[in-house]
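For reference, the structure discussed in these notes is given below.
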Amino acid sequence: MNLFLKIGGAIVALVLLGGCSSSGPFVSQGKVRISTSFFPLEYFARQVAGDHAEVVSVIPNGLDPHDFDPTPKRLSAAYSGQLFIYSGANLEPWADRIRPELESKGIRVLKMSEHVDLLSGTTGQPTQDMNQADPHIWLDPVLAQRQVELIRDALISIDPAQADDYREHAAIFLDKLKTLDADFKSGLSSCMDHTVILSHAAFQYLAHRYGFQMLSISGLSPEQEPAPKDFVQLVDQAKKLGPRYIFFEKRSNPKLAETLASEINGETLDMYHIDGGFTPEEAANPNLYLDQMRLNLNQLRIALQCL
């Protein structure tokens, strides 16, 4: 109920300020305005838009998107442009709720999970259950390409005068993502192990794409903790599989990963889910996603004992 009151208050405030009028914030200093739910989509949009758009996110850089509850002020960003982009698969349920209102005001909405085949966060199998689906689709270089293409096409339809630039920007970044995909394929092609254990279920698309199995300590959100009996079962399973390393995501609490690692006489390694937490200088780096994903590749090569 509090969330609906916040949303209602945000909408009223925007109307009073003219925030949803066609002559209001749709163009800022001659630029298209794009709003996204959180950092990875903001990053992708910037690569395609270049200098032709202003890109903002509802979720502040550094906050976990899984349990984010937007204030009216933060929510107003979604109403402030021509295009709103979010990931979906139950990662940002507030975005699903405001989508009809946005579309009624002429704001184009792009929900990425509608354009990919979703996998279960726990089993890695195809699923249509949004409560079970892994929402971390940006962590697969091939699915990242699909998202860049969708953003490119949306911007061309909104701002056809800059279509050639959008195509050129997208093509440059798509080439980099294709190279990243090739690096993952070659880097993980000859490995002695085929299972990794992570602190939470965030990398099923990466595992599915490149042929390894992912087990997780907690669920789809890093805030979820396993029941004691489930953790004991995972310890037994890990001892049978014999991994040397347990992964935990950068910026998350490593306690459970460290506990599991100690139970199997192993070590912990970082993984990067690239959902935020960057300084302004880091966020402005056009190669940030590529660099972070290559760090993940190097860590996987260590854990999977790749040749």
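The values are calculated or read from the model by the stated rules, or taken from the named source; none is laboratory data. Not measured: the values here are computed from a predicted model. A quick note on method: Cβ atoms are made from the backbone with ideal geometry, for glycine too, and the neighbour counts reach across all protein chains shown.
Would you mind finding the one in Leu41, Leu83, Leu119 that is more than 28 Å from Gln204 (Cα to Cα) and not small (Gly, Ala, Ser)? Before you say what the answer is, go through the steps one by one.
Numbers: Leu41 fails: more than 28 Å from Gln204 (Cα to Cα); Leu119 fails: more than 28 Å from Gln204 (Cα to Cα).
Result of the check over Leu41, Leu83, Leu119: Leu83.
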Quick one: in the range 200-212, of everything that is crowded, with 24+ Cβ neighbours inside 10 Å and assigned to a loop (DSSP other than H, G, I, E, B), which residue is modelled with the highest pLDDT? Phe203
For the range 172-187, does any single residue satisfy the condition of being surrounded by fewer than 18 Cβ atoms within 10 Å (Cβ to Cβ), at pLDDT below 95 and farther than 30 Å from Ala53 by Cα? no
The one condition Leu295 fails out of (1) crowded, with 20+ Cβ neighbours inside 10 Å; (2) out of contact with any helix residue (DSSP H, G or I) (no Cβ under 8 Å at 6 or more places or on another chain) is (1)
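To keep it simple, each residue is scored yes or no on (1) over 22 Å from Thr36 (Cα atoms); (2) among the β-branched types (Val, Ile, Thr); (3) surrounded by fewer than 20 Cβ atoms within 10 Å (Cβ to Cβ).
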position	(1), (2), (3)
Gly242	yes, no, yes
Thr279	no, yes, yes
Ala284	no, no, yes
Leu300	yes, no, no
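Here is a yes/no grid of residues against (1) among the basic types (Lys, Arg); (2) touching a Pro at 6+ places or on another chain (Cβ under 8 Å); (3) not in a loop (DSSP other than H, G, I, E, B):
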{"residue": "Leu180", "(1), (2), (3)": "no, yes, yes"}
{"residue": "Ser189", "(1), (2), (3)": "no, no, no"}
{"residue": "Met214", "(1), (2), (3)": "no, no, yes"}
{"residue": "Ser218", "(1), (2), (3)": "no, yes, no"}
{"residue": "Gln224", "(1), (2), (3)": "no, no, no"}
{"residue": "Phe231", "(1), (2), (3)": "no, no, yes"}
{"residue": "Pro243", "(1), (2), (3)": "no, no, no"}
Of (1) within 15 Å of the chain's Cα centre (by Cα); (2) closer than 30 Å to Thr268 by Cβ, Leu188 fails just (1)
Look through the range 29-40, keep the residues that are out of contact with any Gly (no Cβ under 9 Å at 6 or more places or on another chain) and surrounded by fewer than 24 Cβ atoms within 10 Å (Cβ to Cβ), and return whichever of them is nearest to Ser157 (Cα to Cα). Lys31
Could you tell me which of the residues Leu91, Leu155, Leu150 is in contact (Cβ under 8 Å) with a residue 60 or more places away in the chain, buried (at least 16 other Cβ atoms within 10 Å of the Cβ), outside the structural domain of Tyr205 (by TED's automatic domain parsing) and closer than 30 Å to Arg294 by Cα? Leu155
Residue in the range 136-146 that is crowded, with 16+ Cβ neighbours inside 10 Å, touching a helix residue (DSSP H, G or I) at 6+ places or on another chain (Cβ under 9 Å), more than 15 Å from Pro40 (Cα to Cα) and of a type outside the set (Ser, Thr, Tyr) present: no
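If the requirement is being in contact with a Cys (Cβ under 9 Å, 6 or more places away or on another chain) and farther than 30 Å from Leu215 by Cβ, which of these qualifies: Lys31, Lys105, Lys73? Please lay out each step first, then the result.
Details: Lys31 fails: in contact with a Cys (Cβ under 9 Å, 6 or more places away or on another chain); Lys73 fails: in contact with a Cys (Cβ under 9 Å, 6 or more places away or on another chain).
Step by step, each of Lys31, Lys105, Lys73 is checked, and only Lys105 is in contact with a Cys (Cβ under 9 Å, 6 or more places away or on another chain) and farther than 30 Å from Leu215 by Cβ.
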Does the range 238-246 contain at least one residue that is touching a residue at least 12 places away in the same chain (Cβ under 8 Å) and under 26 Å from the mean Cα position of the chain (by Cα)? yes
Just one of (1) under 26 Å from Asp183 (Cβ atoms); (2) without any contact (Cβ under 8 Å) to a residue 12 or more places away in the chain trips up Val116, so point out which. (2)
Does Tyr289 meet the test of being in contact with a strand residue (DSSP E or B) (Cβ under 8 Å, 6 or more places away or on another chain), part of a helix (DSSP H, G or I) and of a type outside the set (S, T, N, Q)? no
Is it true that some residue in the range 4-26 is modelled with pLDDT of 80 or more and at positive phi? no
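In this structure, is Leu110 among the aliphatic types (A, V, I, L, M), within 19 Å of Glu42 (Cα to Cα) and modelled with pLDDT of 95 or more? Write out each step before concluding.
Working: among the aliphatic types (A, V, I, L, M): yes; within 19 Å of Glu42 (Cα to Cα): yes; modelled with pLDDT of 95 or more: yes.
In short, yes.
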